[in-house]
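Participant: This is the structure I want to talk about, given as structure tokens.
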Amino acid sequence: MKSLKVALAERAYDIHIGRGLLDRGELLRAAIRGRQLLLLSNSTVAPLYAARIEAQLAGLAWRRFELPDGEAHKTLESAGKVFEALAALGAQRNACLIALGGGVVGDLGGFAAACWMRGIDFIQVPTTLLAMVDSSVGGKTAVNLPAGKNLVGAFWQPKLVLADTDTLSTLPPREYAAGLAEVVKYGAIGDADFLDWLERHAEALLARDPEVLAEAVHRSCAHKAAIVARDERETGERALLNFGHTYGHALETMGAYTRWLHGEAVAIGMVLAARLSAALGMAPAADAQRLAALLARFGLPTTRPADCAPQAIVELMRLDKKTLSDRLRLILWRGVGRAEIVDGVDPGEIAAALASG
Ligand code: NAD
Ligand code: GLY
């Protein structure tokens, strides 16, 4: 097992990564203060893994609550159902919620925990690669509204993150690759050595080699934990984690949230951001090609589809940033490992770079 800490002054917590952690009741118990516990999962993950967690809960008053699977259920209505399950448990202020699943269950569970009695403890047990390296760490919780994704939420840090890498063996290949996009992001934005390492271990990662996978999750979490510890509320450098995301969100919207998984849209977005950086003279074009080549090896898309017109992408990027000015703030880079927040990017230059590649 590999462990690290998110070093927030009053809300520090451990992240444990390794094989078979679902059966390590002592790790869970160390983070549970009271006697009441709600295990939140969904209809896909619960049949695979919930019983293993439940076997560790002897002596506690616990209930399981299962959501239907899918982003469509990350809603206020689902949160209401979680509140009803907490009420049925008689959950008091020292109750705990365990979120077992991908980012949808984690975001919703964290949100419900943040609201119940103005905040109860929660534990993230991520079962997708994306959730292990991104959504379970850092305390962003939210639900969606018809008006947009993640519009209602709270910063609410978990008490523990328990990432059992064995659970990834059942993850569909497309979901796994989407998680790899976020792993690549950490190398791209701040760690050229990590990107080299990912290139050298690409085959092992694709084969889901347990040792290599645990190392990739650990290094990714270490990057995120360090950034979150310095900038929990995203007043500055946490925004670097959005590399490729402004493009990605525009593409997700164009694809009605069904054409691409989030990580796939981010993969295209990172390459587009790297190409724009080259077009603006900030970074070598060869670095953009290198990034695209690695993402493509992981089976991820890396080019703007012909039916997504440059001007239409730019308009959606402006909406995503809710910008009132003519210019955009984007995360660009000076090359592998050197991302920057860039203010005042001209939409015309964005459109021109999109049209040329
Ligand atoms: P997801 O939670 O929908 O999981 C993807 C699919 O894999 C689902 O069908 C799920 O049931 C299934 N699944 C999960 N674990 C499995 C396993 N071990 N074996 C088999 N199937 C499994 O999607 P996701 O990509 O994990 O998360 C996406 C969500 O995360 C979005 O709502 C996004 O907004 C959010 N997110 C949040 C943050 C954050 O900082 N809070 C960061 C990134 C993304
Ligand atoms: N997923 C970006 C963040 O947590 O800030």
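The values are calculated or read from the model by the stated rules, or taken from the named source; none is laboratory data. Please read all numbers here as calculations on a predicted model, not as lab measurements. These accessible areas exclude ligands, DNA and RNA; they are computed on the full protein's heavy atoms, side chains included. Shrake-Rupley method; radii C 1.70, N 1.55, O 1.52, S 1.80 Å.
Participant: Going down the table (5/81; 2/81; 149/224), which pairs top 30 Å between alpha carbons?
Facilitator: Among 5/81; 2/81; 149/224, the Cα-Cα distance tops 30 Å for 5/81; 2/81.
Participant: Here's a follow-up. For segment 218-264, what value does the Rg/Rh ratio take when both radii are computed over Cα atoms and Rh is the Kirkwood radius, given to two decimals? Walk me through the numbers before you get to the answer.
Facilitator: Numbers: Rg = 13.2 Å, Rh = 12.1 Å.
Taking Rg over the Kirkwood Rh, I get 1.10.
Participant: Give me the one-decimal Kirkwood hydrodynamic radius in Å for segment 140-193, with the sum taken over alpha-carbon pairs.
Facilitator: Radius from the Kirkwood sum: 14.2 Å.
Participant: Over all Cα pairs of the chain, how is the pair count split among 20 Å bins, expressed in % and running from 0 up to the last occupied bin?
Facilitator: Calculated over all Cα pairs of the chain, the distribution is 31, 57, 12, 0 percent.
Participant: Also: If you take the alpha carbon radius of gyration of segment 179-324 and divide it by 2.2 N^0.38 Å, what ratio comes out, to two decimals? The partial results should precede the final answer.
Facilitator: On the way: Rg = 15.4 Å, N = 146, 2.2 N^0.38 = 14.6 Å.
Cα-based Rg divided by the globular estimate yields 1.05.
Participant: Compute the Cα gyration tensor for segment 1-153, then decide on rounded, prolate or oblate, letting a ≥ b ≥ c be the square roots of its eigenvalues: rounded whenever a/c is under 1.5, prolate when a/b is larger than b/c in the other cases, and oblate in all that remain.
Facilitator: Cα axes put segment 1-153 in the rounded bin.
Participant: Using 0.36 nm per residue of separation minus the Cα-Cα distance, give me the extension gain between residue 352 and residue 29 in nm, one decimal.
Facilitator: 110.8 nm
Participant: Taking the chain as a Gaussian network, where each spring joins two C-alpha atoms under 10 Å apart, which residue of 221, 96, 308 fluctuates the most?
Facilitator: Result: 308 has the largest fluctuation of those listed.
Participant: In the P(r) worked out for segment 115-175, what percent of Cα pairs fall beyond 18 Å?
Facilitator: 46 percent
Participant: For a quick check of understanding: with a 1.4 angstrom probe and all protein chains in place, what accessible area in square angstrom does residue 159 have, to the nearest ten?
Facilitator: Accessible surface of residue 159 is approximately 100 Å².
Participant: Average the reciprocal distances over every distinct pair of alpha-carbons in segment 9-83, invert the result, and give the Kirkwood radius in Å.
Facilitator: Result for segment 9-83, one decimal place: 14.1 Å.
Participant: Something else about it: Can you give me the convex hull volume of the Cα atoms of segment 141-264, divided per residue and expressed in Å³?
Facilitator: On the way: hull volume 16.3 nm³, N = 124.
Enclosed volume per residue, from the Cα hull, is 132 Å³.
Participant: So which aspartates and glutamates can residue 140 reach, going by Cα to Cα under 14 Å and dropping same-chain residues fewer than 8 places off?
Facilitator: Here the aspartates and glutamates satisfying the reach criterion relative to residue 140 are 107, 231, 232, 234.
Participant: I'd like the antiparallel share, as a percent to the nearest 5, of DSSP beta bridges with both residues in the chain.
Facilitator: 40 percent
Participant: Under the Kirkwood approximation applied to all pairs of distinct alpha-carbon atoms, what is the hydrodynamic radius of segment 67-130 in Å?
Facilitator: For segment 67-130, inverting the mean 1/r across all distinct Cα pairs yields 11.8 Å.
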